[in-house]
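Quick notes on the structure that follows.
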Amino acid sequence: MSPTSLKRSHKIHSLASDLGIRTSTDPVRDIVRFCEKRVARFLKDFPDCKTLSQLLDISASKLGTKFEEIHSDDQLNDVRTRYLQCGERSFASLHEELAPDVFGITFKRLSRKPWELPYVSVIDCRLDKKYRSYYTKWHELGHLLILTDQMRLAFRRTHFGLDDKDPEESLVDVIAGAFGFLPDLIQPVAKGRPSFEGIEAIRMQLCPEASQQASIIGISRAWPTPCILLQAQLGLKRGERRDIAQGDLGFHDRPIEVLRATQVSPNNAARASSLVIFPNMRVPDRSIIHKVFTGSAVDGQAIEDLAWWESSDGSRLPAAKVLVETRGGRDDVRAIITPQ
């Protein structure tokens, strides 16, 4: 679901009302702020919290849930059996609940002892799902942060495309992203110019369970100085994609894909400055990004000029010296771009 559609969702407006939030025109922002205040209250009891992993554990405890990680089918059977023996009948269908497109589920315990936590969050870490375990945990906590008396007792995190998601699931994605890489904990250790090596060092220090890919996105977004995280892949102009979708090519040949900035993620500091690259712009042939993609250069750094970037109408970005660092992939190149 797009950010605009999410803001307009009746379900999100109703949720904000149920939470007692006096909303503006942006209920998503208001709900995230509501969650920020809750987490800030949690941290008052833990002034020495310095890492994102500690924040995760503190939040889970304060929200009343215990994480059960599932790394194998045998472990799934063990968890299911253990909770069934404790009288938790909702665990009977745990195998079915953890379908291929489900990464985690939170149950409310109905037969717990007085000293036991009221919830259990089962995190599926089998196979490739293990790379999303950190994010899945925050997603489950996101549901508990916005829990109301009107909401159901079990929540699941599915891996559908963004447009297919329930508004609540999309909202919880926003919440998970906000707290999984909380700027208040990242910025004290984010010194100097951001780099892939520096981001990896921060990941290992603050949240080693987080995936490298998610950390590059989340930590660069929280960096206190301007930077753009860019992903370059082969692609078409928007008009060319539209013509193909509508079958309007006529007798013309199919357009040829060129290397474009398919994902452009400026952080807040970049948005406040003149550092800008627009999505889907063609990557200049002389950029190290293009050279790494074609194999004529290896990963590294290069000083470049934003004026090299040209739009389809022939206009160029304002001249500005930047440092570009690359990481090549199988069919893409990621780059961190910072002012020089």
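Test residue 57 against the criterion of being surrounded by fewer than 18 Cβ atoms within 10 Å (Cβ to Cβ) and without any contact (Cβ under 8 Å) to a residue 12 or more places away in the chain, and give yes or no.
Criteria met by residue 57.
May I ask you to list pairs of residues, at least six apart or on different chains, whose Cβ atoms are under 6 Å apart, with the first in region 304-331 being under 19 Å from residue 195 (Cβ atoms) and surrounded by fewer than 15 Cβ atoms within 10 Å (Cβ to Cβ) and the second being modelled with pLDDT of 95 or more and among the aliphatic types (A, V, I, L, M)?
Short answer, once both residue conditions are applied: none.
Limited to region 164-202, what total is found for residues that are assigned to a helix (DSSP H, G or I), over 18 Å from residue 38 (Cβ atoms) and modelled with pLDDT of 95 or more?
11
State the number of residues belonging to region 20-38 that are more than 22 Å from residue 56 (Cα to Cα) and either touching a residue at least 60 places away in the same chain (Cβ under 8 Å) or within 19 Å of the chain's Cα centre (by Cα) (or both).
Residues meeting the conditions: 0.
Would you mention how many residues in region 71-98 are outside any helix (DSSP H, G or I) and surrounded by 12 or more Cβ atoms within 10 Å (Cβ to Cβ)?
Going through region 71-98 one residue at a time, the tally reaches 4.
How many residues does region 8-35 contain that are β-branched (Val, Ile, Thr), modelled with pLDDT of 90 or more and outside any helix (DSSP H, G or I)?
The qualifying residues number 1.
Taking region 194-241 as the region of interest, how many residues are farther than 13 Å from residue 334 by Cβ, touching a Leu at 6+ places or on another chain (Cβ under 7 Å) and surrounded by 16 or more Cβ atoms within 10 Å (Cβ to Cβ)?
Looking only at that region, the number is 3.
Hey, could you check region 295-318 for residues that are farther than 19 Å from residue 233 by Cα and part of a loop (DSSP other than H, G, I, E, B) and say which is nearest to the chain's Cα centre (by Cα)?
317
Looking at this structure, is residue 330 assigned by TED's automatic domain parsing to the domain that holds residue 259, at pLDDT below 95 and not small (Gly, Ala, Ser)?
Yes: the conditions hold for residue 330.
Name the single residue, out of those in region 39-58 being under 21 Å from residue 204 (Cβ atoms) and assigned to a helix (DSSP H, G or I), that is farthest from the chain's Cα centre (by Cα). Write out each step before concluding.
Pass one, region 39-58, residues under 21 Å from residue 204 (Cβ atoms): 48-58.
Still in the running and assigned to a helix (DSSP H, G or I): 52-58.
Values: 52: 15, 53: 16, 54: 19, 55: 17, 56: 15, 57: 19, 58: 21 Å.
Within region 39-58, the match that is farthest from the chain's Cα centre (by Cα) is 58.
The values are calculated or read from the model by the stated rules, or taken from the named source; none is laboratory data. Given the structure is predicted, the values throughout are model-derived calculations rather than measurements. Cβ coordinates were reconstructed from backbone atoms using ideal geometry, including for glycine residues, and neighbour counts include every protein chain displayed.
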